[in-house]
1. What is the extension gain from residue 35 to residue 47, computed as 0.36 nm multiplied by their sequence separation minus the C-alpha to C-alpha distance, in nm to one decimal?
2. Taking the highest mean first, how do the peptides 4-14, 31-41 order by number of other beta carbon atoms within 10 angstrom per residue?
3. Quick query: amide H of residue 24 versus all other amide H atoms, modeled in the peptide plane; which residues come in under 5 Å with a sequence gap of 5 or more or a different chain?
4. Can you list the residues, at least 5 places off or on another chain, whose amide H is less than 5 Å from the amide H of residue 7, using H built in the peptide plane?
Amino acid sequence: MAQYVCDVCGWIYDEAEGDVDNGYAPGTKWEDLPEDFVCPLCGVGKDSFSLVEE
């Protein structure tokens, strides 16, 4: 599973963990998040996230 980091504040969306506090179950893939998904810390959209390369 992949991780995506907010380019503005550094918050990380981890597909394996999801974002349970905001209604996204563990295992929810990035592409399955709605287009209007925003960073829960700073409010920017999906276009402001980058894939974390391992």
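1. Numbers: separation 12, 0.36 × 12 = 4.32 nm, distance 0.93 nm.
Net length gain for the segment: 3.4 nm.
2. Values: 4-14: 15.5, 31-41: 12.5.
By packing density, highest mean first, the sequence is 4-14, 31-41.
3. Residues meeting the criterion, in which the H sits 1.01 Å from N, are 19.
4. For residue 7, the qualifying residues are 49, 50.
No lab work stands behind these numbers, since they all come straight from the coordinates. On a predicted model such as this, the values are computed, not experimentally measured, just so you know. Glycine gets a Cβ as well: all are built from the backbone with ideal geometry, and neighbour counts include every protein chain shown.
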